C-alpha cells in the first residue's frame, strides 16, 4: 500500500483519514467530557479554560496532554485539599513522602545549637564504602569510606581538590561511583525515592533567572508533590526564612548571598531527612553566615546535615561529627571533642616554672600523666588522662618541689591544629 | 512519571517568559503573513523590476491561493526548520551546563520526565504556533486571493508538524549527546540537509520521513503522493530517537 502513490481521494487515504479523525474526535470528546465533569480542584493548576483551549486548538496533542497530565488523581486531590490527612490507601513510600512534605521544616528544636539533641533514629543516614571515582587518569575519590549517623550535623572537611564536591554529587545522585557503594537513608544513592527525602545545595546554585524567588520555591515544591495551600504556606515560610519575602525582582538580579539563601530555602522545601550542603557559607557575609549556621544547628536531631566546608570555625561551631578528607580518602572521622581529645588536645596543660627540668623529674610516676614534652614557650606541655586531678595536684606538686609557678593553663588543640596536622602529614 | 507535570509547566512558562517565544512562533507567523502577500504581489514586483531592466520579459503565472500555500509550506520547511535546529541546540544541555539542571534533578523528577517534558512542551509550542500560522495563512490568502484548498493545506501542515517533531527529537538526542549547543545545532543542520538531499530520491522519499515535505506540497497541488509511509516512519524515528536520548541521559553525569 505504502509503496504506491496515493491520490488525495483514494479509498486508502479516505480510510486512514477516517481512522485518524475518529481517534482525534474520540480523544477530544473524552477530554472535554472529563474536563466538564471534573471539579476545578482536580484539574492541574485549577484552570479549566486553558485546558479547554488547548484541547480545541491543538489537534490530537491537546486532548492527549490533558488526559495524561491535566488530571489530578483522586488520591492526590484528597491530599491537596487536606494535607493533614495522609491517604490511607497509598503505599508506604507515598505515605512517608507526604508525611515529610507536610511536616514543619524549621524551628522545632529552636536555634540553640544544642549538641546533646538526640539523633532521630540512631541509624546511618549516609554510608559510603570504598568509593572510588575516576575521571580519566585522576582518582577524585580513592576508596572513601564513612558513615554519618542520622540526625547529626556532619562536617566534611578537606582542602581544595580533596574530593568533597564529588562526594556530595554522588550522594545527590548527580554522579555515580566508579566502584564502591554509596547508600543514602538505607537506599542506593541517586534513586528517585531517595531524592524525595534529601535537600541539596551546590557550591554555586544556579536558578532560572526569569523566575522570582517565590516562583522558584513553588516550582521546587511542586516537584515534591506539594500543591495548593500547603505549598503556599511552605513557600511563604521559606521566603521569610531566606529573608526574601519582600524581594519581587527576578533571580537574575540577585546578589551571590541572596542566591545562596534562596538555595538553602529550596533545599528545605521538602523537609528533608538529609540535607547536603556544599560550602553553604562561603558566599555569605558574617551576619548571613551566622544565620545559616544557626539554621543548621536548629535542624540537629530532626534532619541529618552533611556539609562540606573548609571554614573550620563553622565546623567547630555546629558539627557533632567531622570527617577530614584528603586526596579522595577519609583520613580521620570522629566527634569533634573526641577528635581533639584523641590527639591529646582536650587533656593538655601548659605549665611554666623557674626550673622545668626539676619539674619534669618531679612529675615522674604521676598516674594521671600520659606524656610530657617541651613547650614552645619554654615550659612543659603535659598530656594528661584526668584533667581535673592534674589541675588539683599539679600546683601542690610544684609547691612541694620548691619551684615557682609562673603559668598553668589548659591548652586545647583547635580543630585547625588537628586539620593542619592530619592533612599536612601527607604533604611534601 | 515523577515530576513531569511540574517540570512541563515550568517549560511552558519559560517559553512564554523568555526569548524562546519569539523564535519559532515568530518565524511561523511571519511566514503565514508574508507568503500570501509575496505571492499576491509577485507579478507586480516582476513587472516593476522587469520594466527597469533591459527589456527581458518574464512570464509569471497569475497568483493563486494554492501558490500562496506552497510558498508558505516552503517557508515552513526551510526557514522555520533551520530556526528550530538552531534554537534547540541546547534544549537539554543548556540546563546541564548552567547548573539549573543539577538543582532540578536532585529532586524527585526522573530523568526521563525531564527530557520528555522538554520535548513535549516544545512540541506543544510548535503545534499551537503551527495551527495559528496555518489559520492566519488561510485567512490572509482568502482576503487576497480567495479560498484555496484549505483542507489540503491543513493536512500538509500536519505532515510538516510530523517533520518538525522528528527534527525536535533529533535535537533532543544531539543535545543530550553533545554538551555544546553550537555543536548540536551544527550536527542538526547536517541532519536537516541530509534529509533534504535524500528527499530528492523518490525511492527514499516515498519510504522515509524525507518525503514528508514534498508530500505536503503535492497534497496542496492536488497531485498524487505518498505520505503514509513517510508519516509512519517519522513517528517511528521520533520514538527511536527519544528512546536513545532518554537512555543516554539516564546514564549521564550531571
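For every residue, the table says whether it meets (1) more than 30 Å from residue A:69 (Cβ to Cβ); (2) at pLDDT below 90; (3) over 16 Å from the mean Cα position of the chain (by Cα).
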residue: A:214; (1), (2), (3): no, no, yes
residue: A:233; (1), (2), (3): no, no, yes
residue: A:241; (1), (2), (3): yes, yes, yes
residue: A:251; (1), (2), (3): no, no, yes
residue: A:263; (1), (2), (3): no, no, no
residue: A:266; (1), (2), (3): no, no, no
residue: A:284; (1), (2), (3): yes, yes, yes
residue: A:294; (1), (2), (3): yes, yes, no
residue: A:300; (1), (2), (3): yes, yes, no
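Given the condition away from every other protein chain (no Cβ under 14 Å), touching a residue at least 40 places away in the same chain (Cβ under 8 Å) and either farther than 30 Å from residue A:232 by Cβ or out of contact with any strand residue (DSSP E or B) (no Cβ under 7 Å at 6 or more places or on another chain) (or both), answer yes or no: does some residue in the stretch A:186-203 qualify? Yes, that holds for at least one residue.
Only residues that are crowded, with 17+ Cβ neighbours inside 10 Å and either more than 13 Å from chain B (Cβ to nearest Cβ) or not in a loop (DSSP other than H, G, I, E, B) (or both) were counted across the stretch A:226-250, and they come to 11.
Those helices (runs of 4 or more DSSP H) of the stretch B:54-117 in which at least 2 residues are within 14 Å of chain A (Cβ to nearest Cβ) and under 30 Å from residue A:273 (Cα atoms), considering only elements entirely within it, cover B:93-98, B:100-105.
Residue check: is residue A:264 assigned to a strand (DSSP E or B) and closer than 23 Å to residue A:216 by Cα? So residue A:264 does not fit the description; no. Checking each residue in the stretch A:111-139 for being within 19 Å of residue A:295 (Cβ to Cβ) and at pLDDT 90 or above picks out only A:125.
Check the stretch A:216-225 and report whether any residue there is more than 15 Å from residue A:270 (Cα to Cα) and either facing chain B (nearest Cβ under 9 Å) or part of a strand (DSSP E or B) (or both). So far as the stretch A:216-225 goes, no, none of its residues is more than 15 Å from residue A:270 (Cα to Cα) and either facing chain B (nearest Cβ under 9 Å) or part of a strand (DSSP E or B) (or both). Working carefully through the options B:127, B:132, find the one that is at the interface with chain A (Cβ under 9 Å from one of its Cβ atoms), under 18 Å from residue B:23 (Cα atoms) and surrounded by fewer than 21 Cβ atoms within 10 Å (Cβ to Cβ). Going through B:127, B:132 in turn, the sole match is B:132. When B:142, B:151, B:155 are checked against the criterion of being touching a residue at least 24 places away in the same chain (Cβ under 8 Å), facing chain A (nearest Cβ under 10 Å) and surrounded by fewer than 22 Cβ atoms within 10 Å (Cβ to Cβ), a single residue qualifies: B:155. Of all the numbered requirements in (1) under 21 Å from residue B:99 (Cβ atoms); (2) modelled with pLDDT of 90 or more; (3) more than 11 Å from chain B (Cβ to nearest Cβ); (4) surrounded by fewer than 24 Cβ atoms within 10 Å (Cβ to Cβ), residue A:174 misses one, and that requirement is (3).
The values are calculated or read from the model by the stated rules, or taken from the named source; none is laboratory data. What you see is a predicted model, and the numbers here were worked out from it, not measured in a lab. Note: ideal-geometry Cβ built from the backbone for every residue, glycine included; neighbour counts use all protein chains shown.
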